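The values are calculated or read from the model by the stated rules, or taken from the named source; none is laboratory data. What you are looking at is a predicted structure, and each value in this text was computed from that prediction instead of being measured. Here the Cβ positions follow ideal geometry from the backbone for every residue, glycine too, while neighbour counts run over all protein chains shown. We work out accessible area using only protein heavy atoms, side chains counted, and drop any ligands, DNA or RNA first. Shrake-Rupley method; radii C 1.70, N 1.55, O 1.52, S 1.80 Å.
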Amino acid sequence: ATMESTERLPDRSVIDGLLDEKKTETRQKVEVWILDILGSEGPDRVTPSAKASAVLQITRLISRIVEDLLTSAWTHARIDGLVALRELTFMMETDWAKCCAQKITNPILVCFSDEDSKVRYKACEAFINVAKVIRSGILEDMGAVFHGLCRLYTDVEQQIKEGAQSLDRLVRDIVVEQRHFDYSVLIPLIAARIHVMNPSVRQLVLGWIVLLDSMPQVDMIAFLPHYLEGLFGILASDNRDFRLKAQECLDGLLEEIRKSASERPERTQQAIAQAAATVARCCRAGGEQRSEAAPVRFNALKWLLESV
């Protein structure tokens with residue numbers, strides 16, 4: 001039945017149906033086509049071969065959308081491609097959409113760097129809509145998502161930056177709601193960007209450090225060597241809000257170290273030992289010439305006193 005329905009409705013007709021905003025007969029045919037492929041059961045309740053076959057057909061459709069629309073030289077075609085991926089996600093049951101998560105999200109992420117601001121904005125909008133459906137599915141390649149967020153945060157268009165902030169909040173919510181998630185994958189992503197001078201990237205990175213530090217299941221003290229120097233560096237920022245947030249974060253971490261000194265002395269000693277070289281470097285930050293380096297040196301000395 002699946003193969004027959006596929007032959008009756010060629011891929012291009014499926015794409016046209018996905019783009020049919022008036023919800024006419026063409027659209028209804030697509031809904032029937034997708035139901036024929038996926039059936040009424042979830043991916044966990046069908047045989048492995050049936051699941052593989054369904055995912056293959058949806059993947060072929062996604063490839064067609066990418067080839068016909070998202071790689072087009074025409075702006076309107078690329079926007080149509082983003083709409084088609086969004087509508088396809090909406091038509092699929094959540095668990096089925098999760099099976100194709102990266103195949104759906106990767107082409108959208110590529111459009112975050114599109115030369116046309118309208119496409120970039122629509123890509124951000126599409127990713128938000130897709131993420132609301134597949135939730136944890138977007139975390140399969142957190143590196144690509146975080147890179148995409150950095151790209152949108154540094155966009156020249158204010159409207160896209162605002163969209164990036166909405167997407168960032170959604171991604172954070174999805175991360176927080178996970179019961180089983182390897183938070184350590186986020187640390188290298190933060191560490192790789194904490195020294196970036198761009199204020200928008202600093203805003204993004206600081207937000208993630210504050211979020212992770214607020215989560216009891218994440219031991220940020222264990223990861224100190226990866227981001228501590230970057231936090232000290234932000235104290236020399238021209239941006240007052242960033243300085244205050246970094247100060248608040250450093251004070252909170254120092255307080256955690258004090259508390260854990262009696263509860264988990266070995267872990268505390270190890271954390272201090274790993275951070276010692278960083279703290280020593282920051283004590284010498286900027287020599288005597290740079291007044292903005294004074295808060296860096298002052299805070300580093302505070303940390304140094306704690307470790308004595």
Within segment 250-257, does at least one residue satisfy the condition of being open to solvent by 40 Å² or more (accessible area, probe 1.4 Å), modelled with pLDDT under 90 and more than 21 Å from LEU301 (Cα to Cα)? no
Right, ALA246: touching a Leu at 6+ places or on another chain (Cβ under 7 Å) and among the small types (Gly, Ala, Ser) or not? yes
Do you know which of the residues in segment 44-62 that are free of Cβ contacts under 8 Å to residues at least 24 places away in the same chain and over 11 Å from CYS100 (Cβ atoms) is most open to solvent (accessible area, probe 1.4 Å)? ARG45
More than 22 Å from SER113 (Cβ to Cβ), open to solvent by 30 Å² or more (accessible area, probe 1.4 Å) and of a type in the set (D, E, K, R): is that true of ARG193 in this structure? no
Could we say that VAL83 is closer than 23 Å to LEU167 by Cβ, out of contact with any Ser or Thr (no Cβ under 7 Å at 6 or more places or on another chain), in a helix (DSSP H, G or I) and open to solvent by 10 Å² or more (accessible area, probe 1.4 Å) here? yes
Go through segment 29-38 and give me each residue that's surrounded by 17 or more Cβ atoms within 10 Å (Cβ to Cβ) and free of Cβ contacts under 8 Å to residues at least 24 places away in the same chain. LYS29
Counting only residues that are under 22 Å from the mean Cα position of the chain (by Cα), assigned to a helix (DSSP H, G or I) and surrounded by fewer than 19 Cβ atoms within 10 Å (Cβ to Cβ), how many does segment 216-248 have? 2
If you check GLU255, GLU157, GLU263, which single one turns out to be within 22 Å of the chain's Cα centre (by Cα) and acidic (Asp, Glu)? GLU157
GLU41, sole failed condition from (1) without any contact (Cβ under 8 Å) to a residue 12 or more places away in the chain; (2) in a helix (DSSP H, G or I): (2)
Applying the selection to segment 140-162, what residues are buried (at least 19 other Cβ atoms within 10 Å of the Cβ) and in a helix (DSSP H, G or I)? VAL145, PHE146, GLY148, LEU149, CYS150, LEU152, TYR153, ILE160
I'd like the residue in segment 274-294 that is open to solvent by 50 Å² or more (accessible area, probe 1.4 Å) and part of a helix (DSSP H, G or I) and, out of all such residues, is modelled with the lowest pLDDT. SER291
